[in-house]
Amino acid sequence: MSFSHAEFPAGDGPSAIEISDFDTNGDPDLAVVNPTPDDVSVLLGGAGTAFSGPAPYDATSAPADVASGDFDGDGDPDLAVAGANGVAVLLGVAGGGFSAQTVFPAGGAPSAIAASDFNGDQDPDLVVVNRVAGAVSVLLGSSGGTFLQPTSFFVAEGGLSMSVAVGDFDGDGFLDLAVANAGTDSVSVLLGGARGTFSQPTSFAAGDFPQSVAIGDFNADGDPDLAVANRLSGDVSVLLGRPEASFSPPTNFAAGSTPFSVAVGDFNGDKDADLAVANRDVGPSGARDTVSILLGGLGGSFAAPAAHRRSSWLRRARRPRPAAPSPTATRTRSPTRATTASTGRIRGRPTATPTPSATPATARTHRSARRSGGP
Ligand SMILES: [Ca+2]
Ligand SMILES: [Ca+2]
Ligand SMILES: [Ca+2]
Ligand SMILES: [Ca+2]
């Protein structure tokens, strides 16, 4: 198995990415968050593997993460960007453009965001991770792409919470949350209830400084499992799901030197869920910007990673070569519809898509099970 490599400009300091079909032409498009100029850049996918743009849109202050969904129900995907001032909502218009932002309060220090319909009223809702508070804020969607005041749910004292994934861990039809806590080396599970409320958290051990969490059914038993990228231990913890929403102790698999993000997909088409891990070059330590691919095997085990070099800073600014093949994602989903994956209770992103699909190198998979339909 190998991956080809093409690059496209994406604004300044891209730090998070979301895939959707913003112009509804059937080709997956990209939205990339840029913290330095406070914007979100949209790259529209065209014929073949090319992307146009980037088209920048103002998006709150110090944007950290982006989610998409059809918040106003007009059929055009919209964007929600979590940043220092709250959540900036940009409503999509025909052709892949976006309205000016409307900012909604979302608690302090948002570090991650996901969109799903938590209360089952068909309006997409938002969950925002509040990093310093060790909490999540839930913003229930209302008419016209507006959101109600946030409700805060406790996650972990001193949690330094970084990332959230959405799935139904106990199979009761209500969406649940898994939150990676870098401060407590744990992942917290909050079970969803009616009306978009969440239980007190249950914590499970992960590795050193968990930065990102994603959901997949790695041992194919129908119970959602967790993959946690550990920034300081350079590995991925896999926690196998058990009935009643408990999880096994972590089994750790080596990744790159400083994993920042983990995504789930079936990259070699064998129907076993695989992992892609983005490893960030954090300075003169000799570490490299790479993506590690860990191919899933029997019982939720993973093969040793294959490393794929990422770009250097110089190459990042280079214009794309027209003839170059691209790591284009081969599947996206309409944010207006719930997606039923082949893995039973896991819904949303293609955690076990049988086609060889891949999200781009920096995909953030705390959104791996994000979806927008009713439970
Ligand atoms: Ca819309
Ligand atoms: Ca809702
Ligand atoms: Ca549930
Ligand atoms: Ca499982």
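The values are calculated or read from the model by the stated rules, or taken from the named source; none is laboratory data. These numbers come from a predicted model, not from an experiment. Using ideal geometry, Cβ is built from the backbone for each residue, glycine included, and neighbour counts are taken over all protein chains shown.
Here is a check on your reading of the model: is Val81 modelled with pLDDT of 95 or more, part of a strand (DSSP E or B), among the β-branched types (Val, Ile, Thr) and out of contact with any Ser or Thr (no Cβ under 8 Å at 6 or more places or on another chain)? So Val81 does not fit the description; no. Selection over the range 33-48 of residues that are of a type in the set (Val, Ile, Thr) and away from ligand 1 (no atom under 16 Å from the Cβ) gives a count of 2. Within this structure, Ala276 fails the test of being within 22 Å of His308 (Cβ to Cβ), more than 20 Å from the chain's Cα centre (by Cα) and away from ligand 4 (no atom under 16 Å from the Cβ).
Restricted to the range 239-264, and to residues there that are at pLDDT 95 or above and not in a strand (DSSP E or B), the residue that is nearest to ligand 4 (Cβ to nearest atom) is Leu240.
Only residues that are part of a strand (DSSP E or B), within 16 Å of ligand 3 (Cβ to nearest atom) and either among the charged types (D, E, K, R) or within 12 Å of the chain's Cα centre (by Cα) (or both) were counted in the range 161-176, giving 4. Contact map, the range 116-135: first residue free of Cβ contacts under 8 Å to residues at least 60 places away in the same chain and over 17 Å from Ala165 (Cβ atoms), second residue within 8 Å of ligand 2 (Cβ to nearest atom) and not basic (Lys, Arg), Cβ cut-off under 6 Å, separation 6 or more or different chains; pairs are Asp123/Gly141.
Remark: pairs (first residue in the range 193-222, within 19 Å of Phe154 (Cβ to Cβ); second residue within 16 Å of ligand 1 (Cβ to nearest atom) and at pLDDT 95 or above; Cβ separation under 7 Å; 6+ apart in sequence or on different chains) = Gly196/Asp125. Scanning the range 104-119 for residues that are within 16 Å of ligand 2 (Cβ to nearest atom) and not in a strand (DSSP E or B) turns up Ala106, Asp117, Phe118, Asn119. Based on this model, can you work out whether Asp78 counts as among the acidic types (Asp, Glu), out of contact with any Phe, Trp or Tyr (no Cβ under 9 Å at 6 or more places or on another chain) and in contact (Cβ under 8 Å) with a residue 60 or more places away in the chain? It is false that Asp78 is among the acidic types (Asp, Glu), out of contact with any Phe, Trp or Tyr (no Cβ under 9 Å at 6 or more places or on another chain) and in contact (Cβ under 8 Å) with a residue 60 or more places away in the chain. Asp272: out of contact with any Pro (no Cβ under 8 Å at 6 or more places or on another chain), more than 19 Å from Met162 (Cβ to Cβ) and acidic (Asp, Glu), yes or no? Spelling it out, Asp272 is indeed out of contact with any Pro (no Cβ under 8 Å at 6 or more places or on another chain), more than 19 Å from Met162 (Cβ to Cβ) and acidic (Asp, Glu). Just name the residue that is nearest to ligand 2 (Cβ to nearest atom) out of those in the range 120-154 that are outside any strand (DSSP E or B) and surrounded by 21 or more Cβ atoms within 10 Å (Cβ to Cβ). Among residues in the range 120-154 that are outside any strand (DSSP E or B) and surrounded by 21 or more Cβ atoms within 10 Å (Cβ to Cβ), the one nearest to ligand 2 (Cβ to nearest atom) is Asp123. Given the criteria modelled with pLDDT under 95 and surrounded by fewer than 24 Cβ atoms within 10 Å (Cβ to Cβ), does Gly183 qualify? No, not satisfied. When each of Val179, Val236 is tested for being within 17 Å of the chain's Cα centre (by Cα), closer than 25 Å to Asp266 by Cβ and either of a type in the set (A, V, I, L, M, F, W, C) or part of a strand (DSSP E or B) (or both), the lone residue that passes is Val236.
Of the residues screened, Asn268 is not one that is under 21 Å from Asp176 (Cβ atoms), in contact (Cβ under 8 Å) with a residue 12 or more places away in the chain and either in contact with a helix residue (DSSP H, G or I) (Cβ under 9 Å, 6 or more places away or on another chain) or part of a loop (DSSP other than H, G, I, E, B) (or both). On the given criteria, is Ala194 within 15 Å of ligand 3 (Cβ to nearest atom), surrounded by fewer than 24 Cβ atoms within 10 Å (Cβ to Cβ), farther than 19 Å from Ile113 by Cα and not hydroxyl-bearing (Ser, Thr, Tyr)? Taking the combined requirement at face value, the residue satisfies it. Number of residues in the range 49-72 that are acidic (Asp, Glu) and either within 15 Å of ligand 1 (Cβ to nearest atom) or on the phi > 0 side of the Ramachandran plot (or both) equals 2. Residue-level analysis places Ser188 among those that are surrounded by 24 or more Cβ atoms within 10 Å (Cβ to Cβ), among the hydroxyl-bearing types (Ser, Thr, Tyr) and more than 16 Å from ligand 2 (Cβ to nearest atom).
Among the residues making up the range 140-153, those that are more than 16 Å from ligand 1 (Cβ to nearest atom) and within 21 Å of the chain's Cα centre (by Cα) are Leu140, Pro150, Ser152, Phe153.
Applying the criterion of at least 3 residues that are near ligand 4 (Cβ under 10 Å from one of its atoms) and either among the polar types (S, T, N, Q) or more than 16 Å from Phe302 (Cα to Cα) (or both) to the strands (runs of 3 or more DSSP E) found wholly in the range 186-229 leaves an empty list.
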